[in-house]
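J.: My questions all concern the structure below.
Any read-out appearing in this document is the output of simple, stated calculations on the displayed coordinates, not a laboratory observation. Everything numeric here is computed off the predicted structure, so don't read it as measured data. Don't worry about glycine lacking a Cβ; one is built from the backbone with ideal geometry, like all the others, and counts go over all protein chains shown.
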Amino acid sequence: MATIPERTVFLHIGLGKTGTSFLQRYFQFNRLMLRQCGLVYPDAQDSISGNGHLLTQSFLQYKTNPELIINLDLSSDCYFFSKEHFARELSDPVHCEQYIDFLRCLGFSRIHVILFVRNPTDHCYSLWAQKVKATDEARSLRTFSSGYDSLRIATKCLQNLVSLRCNVKVLNYSLVSSNLLAHVQEWLVLGCPNDTSRNLSLLFCSVGSGNVAHESTNETLNAALLAIKRLLNRFGLARQGRYLLKIMSWCKSGKLNASRKQLYSSSALITFQKDIDSFSRLIRQCDLDHERVQLEL
């Protein structure tokens, strides 16, 4: 039986609304230069949410037929996949164990994971605003917040990954957003084998954070535009509302100045605090760098 070479895989697993679109477009745009350095970021093609779906498709094929040779180019020793929904998928312990076993069957003996989290009050607001902006979401923030579980999902996911001996890095997006890309680049450089690490370090110094389209920044609408879009959504005019928002993008008034905590019910804030406490306990138990992950309401 042929020996499977040892490989390294990097997984950027979310959460959504923590700079994922910017990071995915950056690495998609620079994937050819990354490959020349020894790190393969498989082409996401037309996907607007990273390339992680390619790995998931191969995993599902593998589950159906473990003997199946998967449809991935595995000619290199280092790979990088990004998908903001990875954290939710890997929060199920059975699914997570199967997924990690699948990666190890492919020869990925070194599995590095990076996860960005946010303070619940900011994160829930950002998710709600994005839903209002991009879909027919018409609920108020207070109603929407009753279903917010992202930090709980992150906690379960981390628990699973640590128990499976993956190398996990967690950062609070609110604390590192000003140099988000630099943190991911450092994570990649430190996790790659020597030659690839040196090549990436030189590349990142020369490329910096440039070469990314302006549209990669997925900005949250201000309060005035959100109110208009919610009203249109309520009357079944979500599609027309998206066009209207483009026309009215000059509207700068109505920005939210009040503390976001004032926008939530007391029960939602209690739940948020419980989620923070559970997450913080896990971070301490796993001996992760808690200074960069500290969360608060």
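J.: For LYS169, enumerate residues with amide H under 5 Å from its amide H, sequence gap 5+ or separate chain, H modeled in the peptide plane.
T.: Here the answer is VAL113, ILE114, LEU115, since their amide H atoms fall under 5 Å of that of LYS169.
J.: Go through the stretch 260-269 residue by residue and turn each phi into a ³J(HN,Hα) via Karplus (6.51, -1.76, 1.60, θ = phi - 60°); whole Hz please, and just put x for glycine and proline.
T.: 5, 4, 5, 8, 10, 6, 5, 5, 5, 5
J.: My understanding is that a pair violates if its Cα-Cα distance is over 23 Å; which of LYS229/LYS274; LYS83/LYS169; LYS63/LYS169 do that in this structure?
T.: Over 23 Å apart, Cα to Cα: LYS229/LYS274; LYS63/LYS169.
J.: Can you run phi through the Karplus equation (6.51, -1.76, 1.60; θ = phi - 60°) for the stretch 23-31 and list ³J(HN,Hα) in whole Hz, with x for Gly and Pro?
T.: With the stated coefficients, the stretch 23-31 comes to 5, 5, 6, 4, 6, 5, 5, 9, 5 Hz.
J.: Place a +1 charge on the Cβ of each Lys and Arg in the stretch 113-199 and a -1 charge on the Cβ of each Asp and Glu, then give the dipole magnitude about the Cα centre in debye, rounded to the nearest 20.
T.: 200 debye
J.: Further, regarding this structure: Can you tell me the order of 176-182, 94-100 when each peptide is scored by its average per-residue count of other Cβ atoms within 10 angstrom, highest first?
T.: So the peptides 176-182, 94-100, ranked by packing, come out 94-100, 176-182.
J.: Here's another thing I want to ask about it. If Lys and Arg each add +1 and Asp and Glu each add -1, what is the summed charge of the other residues whose beta carbon sits under 12 Å from the beta carbon of GLY14?
T.: Overall, the nearby charge balance is +2.
J.: What does the charge count around ARG139 come to, taking other residues whose C-beta lies under 10 Å from its C-beta (Lys +1, Arg +1, Asp -1, Glu -1)?
T.: +3
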